[in-house]
Amino acid sequence: MKPLYTESATAIGGRQGRTTSSDGKLDLQMSPPVEAGGDGVGTNPEQLFAAGYAACFSNALHTVARRMKLDATGATVTAEVSLGAIGEGRYGLSVALRAALPATIEDEAAQKLVDTTHLVCPYSNATRGNIEVEVTRVTL
């Protein structure tokens, strides 16, 4: 792969510390969610991953829609990232992506749009074969 650009972030203190990007635009207090025994004051890696995946998939969806000559104006993507035990003291992630598409896109074209987006999206390509990713589509 020939990189188009590279970003970096540094974490100190893990889930109860701080994470910052190299340019300082991202500077976040980290804390486990209440459901995991934390105070829930800061953000957590799963929220960051969900935000990144949703934004990336949304961008890919609009790119693919333009290529297919479809109007995806108003489309939204929601990513739900789950953290769970996968055995022997190990943890893993799963993702449920929901693409909400305008009713003006016919069912067959909408499904092709979502399927093609899942092939184009860099996050989908990075996770494929590594974690469970379920992609569904709904109509706005």
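Before moving on, here are some points about what is shown:
- Qualifying residue in the stretch 112-135 (condition: at positive phi, modelled with pLDDT under 95 and not in a strand (DSSP E or B)): no
- Tabulated pairs, the stretch 88-105, first at pLDDT 95 or above, second of a type outside the set (A, V, I, L, M, F, W, C) and assigned to a loop (DSSP other than H, G, I, E, B), C-beta under 8 angstrom, 6+ apart or interchain: Pro102/Asp71; Pro102/Thr73; Pro102/Gly74; Thr104/Asp71; Ile105/Asp71
- The lone exception for Glu80 - which of (1) in contact with a Lys or Arg (Cβ under 9 Å, 6 or more places away or on another chain); (2) surrounded by 13 or more Cβ atoms within 10 Å (Cβ to Cβ); (3) at pLDDT below 95 it fails: (3)
- Cross-chain or 6+ apart pairs with Cβ under 8 Å, the stretch 19-46 first and more than 16 Å from Leu83 (Cβ to Cβ), then charged (D, E, K, R): Thr19/Asp27; Thr20/Asp27; Ser21/Glu7; Ser21/Asp27; Ser22/Glu7; Asp27/Arg18; Leu28/Arg18; Gln29/Arg18
- Pair list, Cβ < 8 Å and 6+ apart or interchain, from the stretch 59-71 residues that are farther than 15 Å from His118 by Cβ to residues that are surrounded by fewer than 21 Cβ atoms within 10 Å (Cβ to Cβ) and not hydrophobic (A, V, I, L, M, F, W, C): Asp71/Pro102; Asp71/Thr104
- Residue match in the stretch 102-110 (condition: among the acidic types (Asp, Glu), surrounded by fewer than 13 Cβ atoms within 10 Å (Cβ to Cβ), in a loop (DSSP other than H, G, I, E, B) and not assigned by TED's automatic domain parsing to the domain that holds Ala11): yes
- Sole exception among (1) surrounded by 11 or more Cβ atoms within 10 Å (Cβ to Cβ); (2) within 24 Å of Arg128 (Cα to Cα) for Thr19, by number: (2)
The values are calculated or read from the model by the stated rules, or taken from the named source; none is laboratory data. Keep in mind that this is a model prediction, so the values were computed, not measured. Neighbour counts run over all protein chains shown; Cβ positions are idealised from the backbone, glycine included.
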